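See below for the structure under consideration.
The values are calculated or read from the model by the stated rules, or taken from the named source; none is laboratory data. Source: prediction; values computed, not measured. Note that each Cβ is placed from the backbone with ideal geometry, even for glycine, and that neighbours are counted across all protein chains shown.
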Amino acid sequence: MAEHELSINGNTVAFAPGQTILEAARAANIWIPTLCHLKGATPTGACRVCLVEVAGTRTLMTACSTPAVAGMQVQTESQRVVEARRLVIELLLSSGNHNCAVCSDRPEGWTDFQLETQHNDGTDDLCPVWGDCRLQDLAFRYQVKGGRFAPQAGAYPTEMVNPLIVRDFSRCILCGRCVQACNEVQVNRAIQFGDQAGKGKIVTPGDRPLKESDCVFCGECIQACPVGALVEKKSRYQWRPWKESTVRTTCPYCGVGCQQLLHVQDGRIVKVTGVEGAEPNQGRLCVKGRFGYDFIYSEERLKTPLIREQNGFREASWDEALDLVAAKFKQIIAESGPDALAGVSCARSINEDSYNMQKLFRAALKTNNIDHCART
């Protein structure tokens, strides 16, 4: 075996210096489950789902935080590993309000728990991320049904006062992905680990609601959350993954060109996420890019050109409106010269539109009176 090679499930795998077992495995298309791991952030090994067996070690190792070493022999699905993962998943399911179909055949006590869940949620629907939950996926994969450990009641009430984000602490598994997304990816530093009476909680400074903190509502924490602890307020219980189709597009709000996935259900956008791994934003979005899509369906949007007349506005065709604008431009230039015209481009326009705007005024209309408006 070469200097930078290890064995994973009997296969020789090359790794780069500094890579972890998880990174080496993923580069070789070998699957290892994770819940707490966030690409680009410091590995923590908090969830323990990525446990693997390394020959010569007494305990199982977390693949996300254990460096790859030459000659290392790793098993990712041994009986010992699978049993450990099942226990971890079962404990996570019992850690709070995880009322998904995984637990549908609970022994006595499940009905009471389900009724309490419905009361807490204010709805008889299942978890708002049912079908899009990494914990649920792992429970199905490893055939973990729960029931051995009594479900723990939520220690903290759901935070609904924020305008865009619902924080359901009863579903939080304390994986830390939201904290890393906020502090290491977006560097907003709005949330951190905390506790009350010895029970862990993700908190803002002073444990205030998000709307009273330094949170800028970029929503990166929602995209990072692997369970239903953080969800978009607008799409909660409205969006379901099996009903949607996705459309990749470019964010319309500025010239950066962030890549978005529009989640469309019944012909309407119900949520927006960033495209992971895509340039230039690498899955990140700002508050406008993630939440500012309601304007599309505003009744105040103009659907046809309007021409002002003495009695107000009247609808016109595009040809008539453009001909009128061109005629007015020519009239002003003939009477007062090209510098009597000025153009203002929206700062939210994409680079190509802004370029065409300045080209129109400088090359066609012969004036340098072109600026942009920074208001959004």
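Laid out as a table, the results:
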item: Residue that is modelled with the highest pLDDT [pool: residues in the range 319-352 that are of a type in the set (S, T, N, Q) and surrounded by 12 or more Cβ atoms within 10 Å (Cβ to Cβ)]; result: Ser345
item: So Val231, is it outside any loop (DSSP other than H, G, I, E, B), out of contact with any Gly (no Cβ under 6 Å at 6 or more places or on another chain) and under 25 Å from Cys175 (Cβ atoms); result: yes
item: Flag if Thr42 is farther than 25 Å from Arg284 by Cα, in a loop (DSSP other than H, G, I, E, B) and of a type in the set (Val, Ile, Thr); result: no
item: Single match in Leu164, Leu51 (criterion: in the same structural domain as Lys233 (by TED's automatic domain parsing) and at pLDDT 95 or above); result: Leu164
item: Members of the range 9-41 found to be under 27 Å from Ala139 (Cβ atoms) and among the β-branched types (Val, Ile, Thr), listed by number; result: Thr20, Ile21, Ile30, Ile32, Thr34
item: Count - residues of the range 1-18 that are part of a loop (DSSP other than H, G, I, E, B) and surrounded by fewer than 18 Cβ atoms within 10 Å (Cβ to Cβ); result: 9
item: Residue list for the range 251-283, restricted to those being over 16 Å from the mean Cα position of the chain (by Cα) and either over 21 Å from Pro241 (Cα atoms) or touching a residue at least 60 places away in the same chain (Cβ under 8 Å) (or both); result: Pro252, Tyr253, Cys254, Gly255, Val256, Gly257
item: Qualifying position, being over 29 Å from Asn183 (Cα atoms) and free of Cβ contacts under 8 Å to residues at least 40 places away in the same chain, among Ala14, Ala27, Ala70; result: Ala14
item: Count of the range 183-227 residues which are within 27 Å of Gln260 (Cα to Cα), out of contact with any strand residue (DSSP E or B) (no Cβ under 9 Å at 6 or more places or on another chain) and free of Cβ contacts under 8 Å to residues at least 12 places away in the same chain; result: 1
item: Residue among Glu23, Glu53, Glu77 that is in contact with a strand residue (DSSP E or B) (Cβ under 6 Å, 6 or more places away or on another chain) and acidic (Asp, Glu); result: Glu53
item: Out of Ala70, Ala84, sole residue that is small (Gly, Ala, Ser) and in a loop (DSSP other than H, G, I, E, B); result: Ala70
item: Index of the failed condition, Asp294 passing every other in (1) within 23 Å of Pro241 (Cα to Cα); (2) surrounded by 13 or more Cβ atoms within 10 Å (Cβ to Cβ); result: (2)
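Matching residues to (1) hydroxyl-bearing (Ser, Thr, Tyr); (2) within 23 Å of Leu35 (Cβ to Cβ):
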position	(1), (2)
Asn188	no, yes
Asp195	no, yes
Ile202	no, yes
Leu210	no, yes
Phe217	no, no
Ala224	no, yes
Lys233	no, no
Ser245	yes, no
Pro252	no, no
